[in-house]
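Here's the structure we're looking at; comments come further down.
The values are calculated or read from the model by the stated rules, or taken from the named source; none is laboratory data. Everything quoted here is computed from the prediction, not taken from an experiment. Note: ideal-geometry Cβ built from the backbone for every residue, glycine included; neighbour counts use all protein chains shown. Accessible surface areas use protein heavy atoms only, side chains included; no ligands, DNA or RNA. Shrake-Rupley method; radii C 1.70, N 1.55, O 1.52, S 1.80 Å.
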Amino acid sequence: MCVLCDEAITNPICLDCLQRSMEQWALEIKPGIVEDIKMKSFIFKAYDHEGTTCVVCGNNINICAHCFCKDIYEWLLDRHPETAESFLVSFNYEIRSLCRF
Ligand SMILES: [Zn+2]
Ligand SMILES: [Zn+2]
């Protein structure tokens, strides 16, 4: 279960794995926001408890991809709107299938 939205975590991918692909995306489009993404991910990781296991790396997960992607997307819309569309396109797979936007 996700500690933020109380939904069962399906297609579990941990914040570390999501963060890694977001950082790669940010490096190409706007390197200045990489540190912000790290910081946001760090804050999310503070919700620490035993959860599901990441299908990619085996880490514990307690926040679903939906909540993390949504937070980053809304923050981009607010602070860096010019990058929000690219985020949607780049994370189309995660957002449509994992994040259920
Ligand atoms: Zn959630
Ligand atoms: Zn992982």
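Values for this structure:
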read-out: Relative contact order, percent, the chain [alpha-carbon distance under 8 Å, six or more residues apart]; value: 32
read-out: Å² per residue, accessible surface of the chain at 1.4 Å; value: 57
read-out: Under the Karplus curve 6.51 cos²θ - 1.76 cosθ + 1.60, θ = phi - 60°, whole-Hz ³J(HN,Hα) for region 84-91, x wherever Gly or Pro sits; value: 4, 5, 4, 4, 4, 5, 5, 9
read-out: Cα-based helix-to-principal-axis angle, 65-79 vs the chain, degrees rounded to 10; value: 20
read-out: Placed amide H near Cys14: partners under 5 Å, 5+ positions off or other chain; value: Val55, Val56, Cys57
read-out: Approximate spin-label separation Leu77-Leu27, in nm, with each point projected 7 Å along Cα-to-Cβ; value: 2.9
read-out: Square roots of five times the Cα gyration tensor eigenvalues for the chain, Å; value: 22, 14, 12
read-out: Spread of Cα-to-Cα distances over 10 Å intervals beginning at zero, given as percent, for region 3-58; value: 21, 48, 27, 4
read-out: Sequence-distant residues sharing a close amide H with Thr52 (under 5 Å, placed H); value: Ile61
read-out: Carbon + sulfur, % of accessible area of the chain - ligands and nucleic acids excluded, 1.4 Å; value: 51
read-out: Most mobile listed residue (Leu76, Leu15, Leu27) in the chain, GNM with C-alpha springs under 10 Å; value: Leu27
